[in-house]
């Protein structure tokens, strides 16, 4: 086989021991998790915003962003629950390019995954301890979840992973909401099969052990748009799309806690980050026009950073995305205030 061993990796427990969660932070996270759960179980009228950079590439700028988000959270707490998007692994369509802080703690240096596992844990812990906001991350590699699962309050399974068996089974053992994105093909049946799998019990092999899971009743839909065979972006956030998901939930009556989170970027925006506010407002208007949708649509995903747009690795512009383009802070703040008024 054409594998070369580079180095052994620290175990999850070794990394957790180095960057441990205090009892106080555990209590804060338990309260946050309970509030998020109440939203998805329709016990609170608030909405969730999973919001932050496309990829968390720099500890200093991500922390500054999350601290700004914490100040904003206090001002909109009656209407919105903000979950920082701290994505430490980046899926790549063709496998090339910056793959996230786990691969490259410094985007300008060669990959070092041993250091990356420490860096991603340190980043999440530092942001949580200084802001009080437990975060979201994407489960790109199920085995990596063990390094972070005590810190995360929301997990996303991406469009390229949603059909993968291990992602579905591991999601069935997670204790926080897991959003399943529709695949890049747009086939909603794939997403619903993933939700059904994750909400049920399973026995399977995980990290060299045989495990049994109890099922995750908080697994739900994320609509992110899709692409045609010609590469054209097709959105799926409109009123008719939301109604279609409602109809599919009704065809799966055993699914618990029906919910939709709309991703305002990616194929929904045609990767035009400036369209995100318009899309968010459109979703809110759909909620306002239909009491069924108001109950069903629980949140939005928004890509946002300190500086708007994107840059290439090495340009060195502080707080600007090196992957997908993001809203800047000023537009983000305005958007969040407007959304709070629309809830």
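Per-structure values
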quantity: Checklist (1) over 25 Å from residue 163 (Cα atoms); (2) surrounded by fewer than 23 Cβ atoms within 10 Å (Cβ to Cβ); (3) out of contact with any strand residue (DSSP E or B) (no Cβ under 6 Å at 6 or more places or on another chain) applied to residue 120, failing item; calculated: (2)
quantity: The range 309-343: number of residues that are closer than 21 Å to residue 267 by Cβ, out of contact with any strand residue (DSSP E or B) (no Cβ under 6 Å at 6 or more places or on another chain) and crowded, with 19+ Cβ neighbours inside 10 Å; calculated: 3
quantity: Scan of the range 79-98 for residues that are assigned to a loop (DSSP other than H, G, I, E, B) and either buried (at least 20 other Cβ atoms within 10 Å of the Cβ) or touching a helix residue (DSSP H, G or I) at 6+ places or on another chain (Cβ under 7 Å) (or both), ordered by number; calculated: 79, 86, 87, 88, 89, 90
quantity: Qualifying residue in the range 18-36 (condition: within 18 Å of residue 82 (Cβ to Cβ), buried (at least 19 other Cβ atoms within 10 Å of the Cβ), under 15 Å from the mean Cα position of the chain (by Cα) and in contact (Cβ under 8 Å) with a residue 12 or more places away in the chain); calculated: yes
quantity: Qualifying positions in the range 233-244 - touching a residue at least 40 places away in the same chain (Cβ under 8 Å) and either more than 21 Å from the chain's Cα centre (by Cα) or surrounded by fewer than 17 Cβ atoms within 10 Å (Cβ to Cβ) (or both); calculated: 234, 238, 239, 243, 244
quantity: Strands (runs of 3 or more DSSP E) contained in the range 120-181 and holding at least 3 residues touching a helix residue (DSSP H, G or I) at 6+ places or on another chain (Cβ under 9 Å); calculated: 152-157, 178-181
quantity: Tally of residues being under 16 Å from residue 294 (Cα atoms) and in contact (Cβ under 8 Å) with a residue 24 or more places away in the chain across the range 245-260; calculated: 7
quantity: Residue 184 vs. criteria assigned to a loop (DSSP other than H, G, I, E, B) and surrounded by 14 or more Cβ atoms within 10 Å (Cβ to Cβ); calculated: yes
quantity: Identity of the residue in the range 285-329, under 20 Å from the mean Cα position of the chain (by Cα) and part of a helix (DSSP H, G or I), that ends up farthest from residue 68 (Cα to Cα); calculated: 296
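FYI, it's all coordinate maths here, none of it is from the lab. On a predicted model such as this, the values are computed, not experimentally measured, just so you know. In this analysis, Cβ positions are derived from the backbone assuming ideal geometry, glycine residues included, and neighbour counts consider all displayed protein chains.
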